[in-house]
Amino acid sequence: MSTTENIPANLTRIIADAIEKAGGWLGFDTFMAMALYAPGLGYYTNGSTKFGQMPQGVSTAEGVQGAGSDFVTAPEISPLFGQALARQVAQILETTGTDEVWEFGAGTGALAGQLLDALGDRVRRYTIVDLSDSLKARQRERLARHADKVQWVSELPATMRGVVVGNEVLDAMPVQLLARVAGVWHERGVALSGDGLVWADRLTDLRPPLEVDGEHDYLTEIHAQGDAFVRTLADRLQLGAALLLDYGFPESEYYHVQRSGGTVMCHQAHQADANPLDRVGLKDITAHVNFTGTAVAAQDAGMDVLGYTNQAHFLINCGMVEAMQSQDLAARVAASKLLMEHEMGELFKVIAIGRGVDTPLLGFARGDRTHRL
């Protein structure tokens, strides 16, 4: 494996070869897939540390600390996140009479550990679907106490029964970029200029799912791969539900006339920027989720939309506030970040899609926004 310092140059050469073989232009979705998942070099397949509370070299009262991480997710912020989610998972398992859980993109294994600790004997088998060998190694170490229940796979089985969990999975699905320039729609992709990568637009018949009023320049995304992922879940999940937690909006907000800059963002060392063509392979690349598209893809594939709300409502419905009362001040402060509107409580949403689940779900008892999708 290349050292971290060599990753951008090596990965850029591979992407440059792909651009040349494609005739001088790659769609952004293809570029994003390579930047994140190219074997050994992509962001999620190289050995860099991705998850953690602090970036490398942060000065604290105890000295300079930090594991070189790029971002922190809810399970690392507070174990109460997984404990609350476990209450919803338990209800679905009980309602459907199933005993299996699948998790996509399990990161450090923090959420898996929290769910397994909380669910106990309700879970017979916990399957992690992850493409990163370095993250699998961290997960195995962290989940050693649950070794009798946990298995790892690189693809889904033909049939599934139980609960699927995806925390910040949809935002990492490659997206296509659409750019309206001088009133004309283009697909924005990547080309070469000398030794570097540059943006390049091509005329396209593709359009956002909603018409965007006006002729002002407008950049946005469409989510064919994310929708295909949902359809695959629908094809495999015979009984149970998928709980997908991520940042995003319903369609009417996603394609609002004033949201003209798109939502693609990069994350490195707990800093965000909007240039995915720089430091390729060293930065996470994400796009917000169009939850209306997720819901429509599920329904078109024969699944039910069981609930949609913001993360704050979901966690409160699942008992997080009551659980916080027994925690010390530092733990309560950390957990509150998951609920507060200006932190993660509003931007992050939860959608549940499933088949054969007739009982109203605990997490959407109050504040359900399915009617807004």
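The values are calculated or read from the model by the stated rules, or taken from the named source; none is laboratory data. Source: prediction; values computed, not measured. All Cβ positions, even for glycine, are placed from backbone atoms using ideal geometry, and neighbour counts span all protein chains on display. What goes into the accessible areas is simple: the full protein's heavy atoms, side chains included, and nothing from ligands, DNA or RNA. Shrake-Rupley method; radii C 1.70, N 1.55, O 1.52, S 1.80 Å.
Computed quantities for the displayed model
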quantity	calculated
Per-region count, region 191-232, residues under 22 Å from V296 (Cβ atoms) and among the small types (G, A, S)	3
Any chance D99 is acidic (D, E), free of Cβ contacts under 8 Å to residues at least 12 places away in the same chain and open to solvent by 20 Å² or more (accessible area, probe 1.4 Å)	no
Considering residues of region 136-156 that are in a loop (DSSP other than H, G, I, E, B) and at pLDDT below 95 only, the residue nearest to R124 (Cα to Cα)	L156
Qualifying positions in region 107-128 - within 23 Å of L170 (Cα to Cα) and open to solvent by 10 Å² or more (accessible area, probe 1.4 Å)	Q114
Among residues of region 250-276, those that are among the polar types (S, T, N, Q) and in a strand (DSSP E or B), counted	2
Selection from region 182-206 of residues that are more than 23 Å from D278 (Cα to Cα) and part of a strand (DSSP E or B)	V184, W185, L203
Contacts under 9 angstrom Cβ, first residue in region 334-358 being under 25 Å from G293 (Cα atoms) and without any contact (Cβ under 8 Å) to a residue 60 or more places away in the chain, partner of a type in the set (S, T, N, Q) and not in a helix (DSSP H, G or I), 6 or more apart	E341/N310; G345/N310; E346/N310
Identity of the residue in region 130-173, within 15 Å of the chain's Cα centre (by Cα) and of a type in the set (V, I, T), that ends up surrounded by the fewest Cβ atoms within 10 Å (Cβ to Cβ)	V169
Of the criteria (1) touching a Gly at 6+ places or on another chain (Cβ under 7 Å); (2) free of Cβ contacts under 8 Å to residues at least 60 places away in the same chain; (3) more than 30 Å from T12 (Cβ to Cβ), which one E253 fails	(1)
Pairs where the first residue, in region 1-30, is under 17 Å from G189 (Cα atoms) and crowded, with 16+ Cβ neighbours inside 10 Å and the second is at pLDDT 95 or above and among the aromatic types (F, W, Y), C-beta under 8 Å, 6+ apart	I15/F31; I19/W25
Every pair of residues 6+ apart whose Cβ atoms lie under 9 Å, when the first sits in region 116-130 and is among the charged types (D, E, K, R) and outside any helix (DSSP H, G or I) while the second is at pLDDT 95 or above and open to solvent by 50 Å² or more (accessible area, probe 1.4 Å)	R124/D99; R125/D99; R125/Q151; D130/W152
Subset of region 158-181 (residues that are farther than 30 Å from D213 by Cα and assigned to a loop (DSSP other than H, G, I, E, B))	A158, T159, E168, V169
Selection status of V289, under 26 Å from I222 (Cα atoms) and within 19 Å of the chain's Cα centre (by Cα)	yes
Complete set of residues in region 236-249 that are open to solvent by 10 Å² or more (accessible area, probe 1.4 Å) and either without any contact (Cβ under 8 Å) to a residue 24 or more places away in the chain or in a strand (DSSP E or B) (or both)	Q238, L239, Y247, F249
Pair list, Cβ < 7 Å and 6+ apart or interchain, from region 276-302 residues that are without any contact (Cβ under 8 Å) to a residue 40 or more places away in the chain to residues that are open to solvent by 10 Å² or more (accessible area, probe 1.4 Å) and of a type in the set (S, T, Y)	none
